[in-house]
Structure formats: structure tokens, C-alpha cells
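Report on the following structure.
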Amino acid sequence: MLFALLHTQANPELPTFHYQNSLPRLPLPPLRQTFDRYLQTLEPFFALEQENGGESISSARTKRREWARQFEDDLGAKCQERLQELQNSAPYNWLDDSFWLKKAYLETRSSLLVNSNWWLALQDDVQVPGPIRLSPNPPPFNDWQLRRAAWVIKRMLHFKKRIDQSVILLFTYLL
């Protein structure tokens with residue numbers, strides 16, 4: 001809600017990543033701290049499981065702590081070491097876009113739009129023609145779907161091109 005209290009002002013003279021070098025480095029949290037926070041987020045699920053007749057909270061907590069300890073002692077330590085190497089070598093921080101862009105978005109073949117943008121998946125789009133939107137058995141593919149898919153791809157590629165060219169306007173937040 002804080003963003004609603006801020007005034008934004010576009011600055012057309014500055015390239016998209018103008019302030020990148022002046023941003024502070026993102027700290028790499030210790031692995032134990034990450035696990036402690038992860039285990040804390042599981043607490044409501046433990047309670048819900050116990051309410052539904054499942055495993056007790058203490059038993060579930062003990063089991064997850066053991067899993068976290070095993071991961072921390074083996075694969076987790078290796079992952080943390082690799083993140084630390086990335087933190088030491090990345091120009092900005094360990095969460096550098098060049099790393100995540102390749103690993104999280106360009107190497108995987110999963111459907112990104114459906115899995116990352118729930119608005120596209122759950123919003124009832126009134127632009128969908130009525131016979132398609134309201135049909136109990138819509139056809140698997142139709143001209144409208146192909147046109148919409150082409151439009152989404154075109155707009156995504158246009159946005160990527162603008163990012164690569166650093167021509168997206170910077171917004172400066174003024175209090």
C-alpha cells in the first residue's frame with residue numbers, strides 16, 4: 001500500500017539500468033537462517049494437519065527439522081557454497097539477473113505464464129468470444145486462441161527487446 005502514497009515520475013533521459021551500479025549488494029543469508037525461516041513458515045500447515053487428524057505438530061516439526069539438517073549437511077552446503085561463489089563473482093549480487101534469467105527462465109521448458117502470472121490464468125476475460133467462454137465443451141484450439149497467443153508472444157518479445165536496449169523509462173519515487 002506504500003506505493004499508493006508515493007509519487008512517480010518517469011525520467012526519459014536515463015536508461016533502464018542507470019542506477020544499477022549504485023544499488024547496495026543484496027546480502028546472502030546464512031543457510032541456517034534460511035532453514036529457520038522456512039521451518040517457521042510450515043507451522044500453520046503442521047497445525048492444520050494435526051486438526052485434520054494427521055501427524056502431531058511436534059512430530060511434523062521434528063521430522064522437517066531433521067530433513068532440513070540432512071539437506072544442510074549435504075546438498076544444501078554445496079548449494080550455499082555455489083551461491084557464495086556467485087556472490088563473490090557477480091557484478092551486482094548473488095541474485096544477479098544474468099544468472100537467474102538463464103537458470104530460471106531460459107533453461108526450463110515449463111509454462112511460465114500460467115505458473116507465474118495467476119491473473120492470466122484465473123481472470124475471466126470478457127474479450128473471449130461468448131461461444132468459446134461459455135461453452136461447456138470448448139474446442140481444443142481455435143482462431144481466437146491462436147491470435148491471443150501470438151499477441152502475448154509479440155508483446156513479451158517487444159518488452160524483452162526494450163529491456164535489452166535499456167529504453168524502458170525509469171521511475172523515480174518521490175516521497
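We did not get these values from a lab; they are worked out from the coordinates using the rules stated. As the structure is a prediction and not an experimental result, all values here were calculated from the model. Cβ coordinates were reconstructed from backbone atoms using ideal geometry, including for glycine residues, and neighbour counts include every protein chain displayed.
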**OP:** Evaluate the distance, in nm, between pseudo-label points positioned 7 Å from the Cα of TRP67 and of LEU14 along their respective Cα→Cβ axes.
**Re:** 4.4 nm
**OP:** Using the structure shown, list the pairs from LYS78/LYS154; LYS103/LYS161; LYS78/LYS102 with a Cα-Cα distance above 31 Å, or answer none.
**Re:** LYS78/LYS154
**OP:** Multiply the residue separation of LEU23 and ARG155 by 0.36 nm, subtract the distance between their alpha-carbon atoms, and state the gained length in nm to one decimal.
**Re:** 44.6 nm
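Would you tally the net charge around LEU39, using a Cβ to Cβ cut-off of less than 14 Å, leaving LEU39 out, and scoring K and R as +1, D and E as -1? Intermediate results must be reported in sequence, preceding the final value.
Working: positive: ARG32, ARG37, ARG61, LYS63, ARG64, ARG65, ARG69; negative: ASP36, GLU43, GLU66, GLU72.
Once all neighbours under 14 Å are counted, the net charge is +3.
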